[in-house]
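The structure under discussion appears below in the form of structure tokens.
The values are calculated or read from the model by the stated rules, or taken from the named source; none is laboratory data. This structure is a prediction, so every number in the text was calculated from the model and none was measured. Neighbour counts are summed over all protein chains in view; Cβ atoms, including those assigned to glycine, are modelled from backbone coordinates with ideal geometry. Ligands, DNA and RNA are stripped out before the accessible areas are found, and what is left, the full protein with its side chains, is counted by its heavy atoms. Shrake-Rupley method; radii C 1.70, N 1.55, O 1.52, S 1.80 Å.
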Amino acid sequence: MFRMKNSSALVTVAAIFGSIVGLSPIARADKSAASWRGQSLTEFEPKENEKLGWQVVNDGVMGGLSEGNIEFTDEGTMKFTGDLSLKNNGGFSTVRSDRVDLDLSDDLGLLLF
């Protein structure tokens, strides 16, 4: 959960986004509308986390003062917490991995849960 130092709709959206515990592509096994399947992008297992090299990027890259942190739980989730600040034109904290290499060309979108 993110604590908000200043109230703002932008900060609220970032805090909601920050509560993501999993990622899954939404795909169809065939072309019929009723044929949906799910495929996990990550289970947040220790070896996989190390391979993917998850990183927190805060608004400090542009002078902001927000702080974000990640930890991996025993239940196989990523916990993303911190403090968001609008000072110095800040207001974001993100989690990323530049090592995710997936072919999602047959998928219809991503489900964040």
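For the reader, a short list of remarks on this structure follows.
- Per-region count, the range 42-94, residues open to solvent by 70 Å² or more (accessible area, probe 1.4 Å) and either closer than 20 Å to Leu111 by Cα or free of Cβ contacts under 8 Å to residues at least 24 places away in the same chain (or both): 11
- Residue match in the range 56-65 (condition: at negative phi, in contact with a helix residue (DSSP H, G or I) (Cβ under 6 Å, 6 or more places away or on another chain) and at pLDDT 90 or above): yes
- In the range 94-113, residue farthest from Asn49 (Cα to Cα) [restricted to those that are out of contact with any helix residue (DSSP H, G or I) (no Cβ under 7 Å at 6 or more places or on another chain) and among the polar types (S, T, N, Q)]: Ser105
- Some residue of the range 16-38 being modelled with pLDDT under 90, in a loop (DSSP other than H, G, I, E, B), on the phi < 0 side of the Ramachandran plot and β-branched (Val, Ile, Thr): yes
- Among the residues of the range 78-111, those that are at pLDDT below 90, of a type outside the set (Gly, Ala, Ser) and on the phi < 0 side of the Ramachandran plot comprise Asp98, Arg99, Val100, Asp101, Leu102, Asp103, Leu104, Asp106, Asp107, Leu108, Leu110, Leu111.
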